[in-house]
Amino acid sequence: MKANDTHMYNMVEDFVQNRIMFTSVDISNAIKREGTWVPNSDVTTYLRTQAESEVPDFFDNIVASFINITLDDGTNVSTRLYHWFDQDEADYTPSGKGAMTPEVFDKLHGFNPVADKDSTDVKVSKLDNLVAKSILGDKPTVDNTGDPMVDGIRSKFVTVFKFQRAN
């Protein structure tokens, strides 16, 4: 299972269990809002090939209807709407925004996953180095990366690490 498959599975399961009608864009945008970049095309593929066999209630209760949506920019798109068999697709309200762009993702999370393909790895690498320093005692709490996400996670880790170490 690829890393993003877990995010897609969890989000689709949440929408299905809460009986929320959705398109692939709804799922990919929800995942992106949580801070993980996943291309809409990956979600589309997942919904068409894996969700049916993996997500509880999906196979027995979910149908895909083709609908037309007009986006805020006037573009008309045809897409699959996934919904429970007893729901009317006419009750679906699209966001009208389309798939979240890397620029919008950057504004929300502080890095552009397309412009800097290594940005996620850089953040993880920074965090790994800070965690290693914390464990090994080399400048455990002095250095700030300037990245609020990394510094926030590091701060929480150092606090938990110190608490566990003290006990």
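What follows is calculated from the coordinates using simple rules that are stated; it is not laboratory data. Since the structure is predicted, the reported quantities are computational estimates derived from the model, not experimental observations. So basically every Cβ, Gly included, is an ideal-geometry build from the backbone, and we count neighbours across all protein chains shown.
Quick notes
- Computed extension gain for Val77 through Lys97, at 0.36 nm per residue and net of the alpha carbon distance, reaches 6.0 nm.
- FRET E, pair Glu89, Ala115, Förster distance 25 Å, beta-carbon r, rounded to 0.05: 0.10
- Mean Cβ count within 10 Å, highest first, over the residues of peptides 43-56, 18-31, 65-78: 18-31, 43-56, 65-78
- Net length gained if the chain between Thr45 and Asp14 were fully extended (0.36 nm per residue, minus Cα distance): 9.3 nm
- Approximate spin-label separation Asn61-Leu108, in nm, with each point projected 7 Å along Cα-to-Cβ: 2.6 nm
- Listed residues Ile62, Trp37, Phe15: farthest to the positive end of the dipole of segment 13-86 (Cβ charges): Trp37
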